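Asks: One structure, pasted below without further comment.
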Amino acid sequence: MPNEDEDVSKELSRDFRKRGIDLNVGAKVEKVEKTKTGAKVSFTASDGKKVEKEAEKVLVAVGRAPRTENIGLEKTKIKPERGFIKVNEWMQTEEPGIFAIGDIVAGFPQLAHTGSMAGMVVAAKIAGKYARPMRRDRVPACTYTEPQIGSVGLTEAQAKEKGYMVKVGKFPFSANSKASIVNAHEGFVKVVADAKYGEILGVHIIGPQATELIAEAVTAMVLEATVEEMMFTIHAHPTLAEAMLDGFGSVEGMAINV
């Protein structure tokens, strides 16, 4: 999980290994061969060691590339970078009157909900209706592993790189009542905040229903809520959402369900 907070990546690695999943990151695949029972993958591990693994199936996920060639962009002011199109916060390209949305947009994640909202913003802008500009740091990222991962905003490392005085809160699902009820104790809620003003800079969740819970964090950040305001927002009991309340509270060392 290279784009996630380091603590989230470590937690997922720990959980996978505990379940007997063999992880090899930074490896270079040399060859994939069919066998009688499935397939064999030969790769060079990050330490230079040659490794062979056999499995029933091999999944190759090499990402996607924009298909913007041969569509007439050379006749406009639009200058793609590696096929991606640059836009401003209203999804306006360098060519007046032409907008771009979806996976071809530079600087935004290739996610369905990003493209969908971009389309809504563009349609409203063209129609002269109310809209809000797109912000990269307000786009939630969801990973449907088990445990799930949901995140929005800056990681702890990114916040420090940007010069913020960072204050971090971390609350484990092992202390959440609903997590006990559904027997899913792995993971945590991590809140990255600005120590000076209490601004929420990022929220990172790994655990049960993380992809659902992250919506609250996105809403809080869009509305510019502070840690203090979220600490005193009543959450129903028993719910997994209570972990959000305790996550915000833990920034100030005031989590209730410790």
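Readers should treat all values here as calculations from the given coordinates under stated rules, not as data from a laboratory. Treat the numbers as computed from the prediction; the structure is a model and nothing was measured. Here the Cβ positions follow ideal geometry from the backbone for every residue, glycine too, while neighbour counts run over all protein chains shown.
Asks: Report, in cubic angstrom per residue, the convex hull volume of the C-alpha atoms of segment 20-120.
Replies: Values: hull volume 18.0 nm³, N = 101.
Dividing the Cα hull volume of segment 20-120 by its residues yields 178 Å³.
Asks: Something else about it: Report the rotationally averaged projected area of segment 132-189 based on its alpha-carbon convex hull, in square nanometres.
Replies: Values: hull surface 23.1 nm².
Average projection, Cα convex hull of segment 132-189: 5.8 nm².
Asks: Please list, or write none, the aspartates and glutamates whose alpha carbon is within less than 19 Å of the alpha carbon of Lys34, excluding same-chain residues fewer than 8 places away.
Replies: Cross-link targets: Glu52, Glu54, Glu56.
Asks: Tell me, Kirkwood radius of the chain from alpha-carbon pair distances, in Å? Show your work: numbers first, answer last.
Replies: On the way: mean 1/r = 0.0477 Å⁻¹.
For the chain, the Kirkwood estimate is 21.0 Å.
Asks: How much length is gained if the chain between Glu6 and Arg19 is pulled fully straight, taking 0.36 nm per residue apart and subtracting their Cα-Cα distance, in nm to one decimal?
Replies: Details: separation 13, 0.36 × 13 = 4.68 nm, distance 2.02 nm.
Length gained between Glu6 and Arg19: 2.7 nm.
Asks: Could you give the length gained on full extension between Thr68 and Tyr144, defined as 0.36 nm per residue of separation minus the Cα-Cα distance, in nm? Could you put the intermediate results ahead of the total?
Replies: Values: separation 76, 0.36 × 76 = 27.36 nm, distance 2.91 nm.
Length gained between Thr68 and Tyr144: 24.4 nm.
Asks: Also, I was wondering about something else. Count neighbours as other Cβ atoms within 10 Å of each site's Cβ, and list the trypsin sites (Lys or Arg not before Pro) in segment 1-99 that are DSSP loop with at most 16 such neighbours.
Replies: Arg19, Lys36, Lys49, Lys57, Arg64, Arg67, Lys77, Arg82, Lys86
Asks: Turning to a different aspect of this structure: Could you name the lysines whose alpha carbon sits less than 20 Å from that of Lys31, not counting residues in the same chain fewer than 8 places away?
Replies: Lys40, Lys49, Lys50, Lys53, Lys57
Asks: I want the local charge near Arg135. Using Cβ-Cβ distances under 12 Å, sum +1 for each Lys or Arg and -1 for each Asp or Glu among the other residues.
Replies: 0
Asks: Where a Cα-Cα gap under 25 Å defines reach, which lysines qualify for Lys196, not counting those fewer than 8 residues away within the same chain?
Replies: Those lysines meeting the cut-off are Lys160, Lys162, Lys167, Lys170.
Asks: What is the spin-label model distance, in nm, from Ala45 to Ala157 if the labels are put 7 Å beyond Cα along the C-beta direction?
Replies: 2.2 nm
Asks: What are the ³J(HN,Hα) couplings of segment 46-63, residue after residue, when phi is run through the Karplus curve with 6.51, -1.76, 1.60 and θ = phi - 60°? Round to Hz, x for glycine and proline.
Replies: 4, 8, x, 6, 7, 10, 10, 10, 10, 8, 5, 9, 10, 9, 10, 10, 9, x
Asks: Restricting to DSSP loop positions (anything but H, G, I, E, B) with no more than 12 other Cβ atoms inside 10 Å of their own Cβ, which GluC sites (Glu not before Pro) remain in segment 176-258?
Replies: Numbers: sites: Glu186, Glu199, Glu212, Glu216, Glu224, Glu228, Glu229, Glu242, Glu252; in loops: Glu186, Glu224, Glu252.
For GluC sites (Glu not before Pro) across segment 176-258 that sit outside H, G, I, E and B with at most 12 neighbouring Cβ atoms in 10 Å, the list reads Glu224.
Asks: For the chain, what are the DSSP H helices with axial Cα length of 20 Å or more and mean Kyte-Doolittle hydropathy of at least -0.5? Before the final figure, lay out each step's value.
Replies: On the way: long enough: 112-127 (23 Å, 1.02).
Those that clear 20 Å and a mean of -0.5 are 112-127.
Asks: Ok, one more. Could you pull out the chymotrypsin sites (Phe, Trp or Tyr not before Pro) across segment 174-250 that fall in loop regions by DSSP (anything but H, G, I, E, B) with no more than 14 other Cβ atoms inside 10 Å?
Replies: Details: sites: Phe188, Tyr197, Phe232, Phe248; in loops: Tyr197, Phe232.
Passing both the DSSP loop test and the Cβ count: Tyr197, Phe232.
Asks: Show me, for segment 163-173, the HN-Hα J-couplings you get by feeding each phi into the Karplus relation (A = 6.51, B = -1.76, C = 1.60, θ = phi - 60°), rounded to Hz, glycine and proline as x.
Replies: Going residue by residue, I get x, 6, 7, 9, 10, 10, x, 9, 10, x, 5 Hz, with x marking Gly and Pro.
Asks: Run the numbers for Glu252 and Asp103: contour at 0.36 nm per residue of separation, minus the present Cα-Cα distance, in nm.
Replies: Working: separation 149, 0.36 × 149 = 53.64 nm, distance 3.87 nm.
Length difference between fully extended and current span is 49.8 nm.
Asks: Taking amide hydrogens as modeled 1.01 Å from N in the peptide plane, which residues meet the under 5 Å criterion relative to Ala195, leaving out close sequence neighbours?
Replies: Met165, Val166, Lys167
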